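Values in this text are rule-based calculations from the coordinates and carry no lab data. Predicted model only: the values in this text are computed from it and were never measured. Counting neighbours? That spans all protein chains shown, and the Cβs are built from the backbone with ideal geometry, glycine included.
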Amino acid sequence: MNPFQFFFPTLLKSGNGLARQAGQLLKPHLREKLLVITDEGLIKSGVLEGFFQSLAEARIPFEIFSGVEPNPSTEVLDQAVAVLKASGCDAVIGVGGGSSIDTAKGVAAMATNPGSILDYEGYDRLPNAPLPIFAIPTTSGTGSECTASTVFTNKQTLFKTVIVSPRLFPRLAILDAELTWKLPPAITAATGMDALTHAIESYVSRQANPISQALAIQAIRLIGANLRKAYFVGSDAEARENMLLGSFLAGVAFSQSKLGNVHAISHTFGGVFNIPHGIANATLLPYVIGFNLPACPERFREIAIALGRDITGLDDLAAARTVVDFVVELNAALGIPDNIKELGVRLDLLPQMVSDSMRSGNVLVNPRLTTAADVETIITHAYHGTR
């Protein structure tokens with residue numbers, strides 16, 4: 001066993017209805033004023049009424065920034081930082097999907113550090129501790145409430161910049177599955193496949209360790225058994241709870257192990273074509289699994305078992321291939337395209353996509369050694385739908 005470390009400083013509070021108690025849970029961690037970062041759709045939906053009421057009941061002064069967008073850009077981050085400084089807030093909470101929580105992390109970081117968030121690309125480059133960060137996810141997908149990373153799009157270069165620092169772990173994450181009960185099926189599908197991708201890539205990562213793998217394989221079990229039900233019967237409380245927990249476990253796992261080629265490539269799709277992250281991951285996943293199978297068929301065999309596949313009498317490689325079949329079948333059931341051409345990817349920008357993908361640290365921990373030519377092949381196959 002290779003030496004490893006495991007660092008996870010986030011306090012977790014989990015339970016149905018906890019968003020309505022958020023004020024009292026947050027108050028011991030706050031000083032003056034809280035900036036709530038979310039999106040306009042959530043505000044209008046009324047899903048957060050109990051959360052805001054809890055802040056009022058706990059007498060917590062707060063300001064709201066609701067300008068979050070998918071694949072958040074540095075421009076949106078700058079707007080949110082301006083709101084924070086003008087309102088005198090000294091703590092930040094992201095309430096919503098991964099974009100809201102990522103934006104909250106970026107705001108907290110840039111409140112105490114100079115320059116642009118893009119200056120801190122890579123690992124552990126934030127010199128100053130951010131403001132206190134808190135998170136309440138309303139989707140079961142990104143795991144951002146329990147990771148040390150945040151992602152922003154540079155609109156000039158169309159590159160999604162990843163900033164990773166132990167300082168970016170939220171101090172407190174509140175999981176309340178009730179917030180996910182009314183998620184539209186399309187968002188349930190996209191975020192659920194994002195979480196499954198996290199779990200699978202984390203489990204086979206070259207940087208995985210026994211603890212991250214234990215978390216990742218349990219996430220695979222939970223998501224594999226519950227995503228269809230959450231999609232088709234959105235009000236199924238048990239399925240929603242299991243999806244939220246599975247997403248969290250996958251997030252904790254990849255916060256330690258990093259990810260792999262799916263995320264290296266999908267980030268370019270988000271940056272260049274503004275494709276939703278979860279859909280890009282889902283569509284790419286079977287192609288990258290197929291590429292990786294020869295490197296670690298025994299690990300994919302274990303994933304197949306966790307997904308409930310019948311692998312009786314199959315050798316490791318044949319058993320591993322059933323994971324590809326599972327993902328293809330699940331994508332089809334969830335209405336997700338089987339090729340990236342339907343997502344709007346264009347091959348005339350292939351050189352930029354390959355270059356941006358190879359810039360990702362996730363390529364380095366992918367289980368199979370990956371060259372630029374390999375990335376080009378994966379993207380081309382995914383474009384034409386050939387496996």
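Things worth noting here:
- Per-selection Kirkwood Rh - the stretch 93-230 (Cα, Å, 1 d.p.): 15.9
- Counting charges near A282 (Lys, Arg +1; Asp, Glu -1) among other residues having Cβ under 11 Å from its Cβ returns a value of -2.
- Over the stretch 40-121: Kirkwood hydrodynamic radius from C-alpha pairwise inverse distances, Å: 13.5
- Computed log10 I(q)/I(0) for the stretch 11-180 at 0.08, 0.10, 0.14, 0.16 Å⁻¹: -0.20, -0.32, -0.64, -0.84, from the Debye equation with unit scatterers placed on every C-alpha and solvent omitted.
- Other residues with beta-carbon under 13 Å from the beta-carbon of S99 carry, at +1 per Lys or Arg and -1 per Asp or Glu, a net charge of -4.
- Potential lengthening between E238 and K85 on full extension [0.36 nm per residue; Cα-Cα distance subtracted]: 51.0 nm
- Beta bridges per DSSP with both ends in the chain, % antiparallel, nearest 5: 25
- Alpha carbon Rg of the chain, scaled by the compact-globule rule 2.2 N^0.38 Å: 0.94
- The alpha carbons of the stretch 185-384 stretch over 44, 35, 32 Å along the principal axes, in descending order.
- Distance from the alpha carbon centroid of the stretch 73-99 to that of the stretch 359-387 works out to 34 angstrom.
- Here the gap between D338 and E32, fully extended at 0.36 nm per residue and compared with their Cα-Cα distance, gives a gain of 105.2 nm.
- Cβ crowding within 10 Å, taken as a proxy for footprinting-reagent exposure, orders E145, E241 from fewest neighbours to most as E241, E145.
- Convex hull volume of the C-alpha atoms in the stretch 240-347, normalised per residue: 121 Å³.
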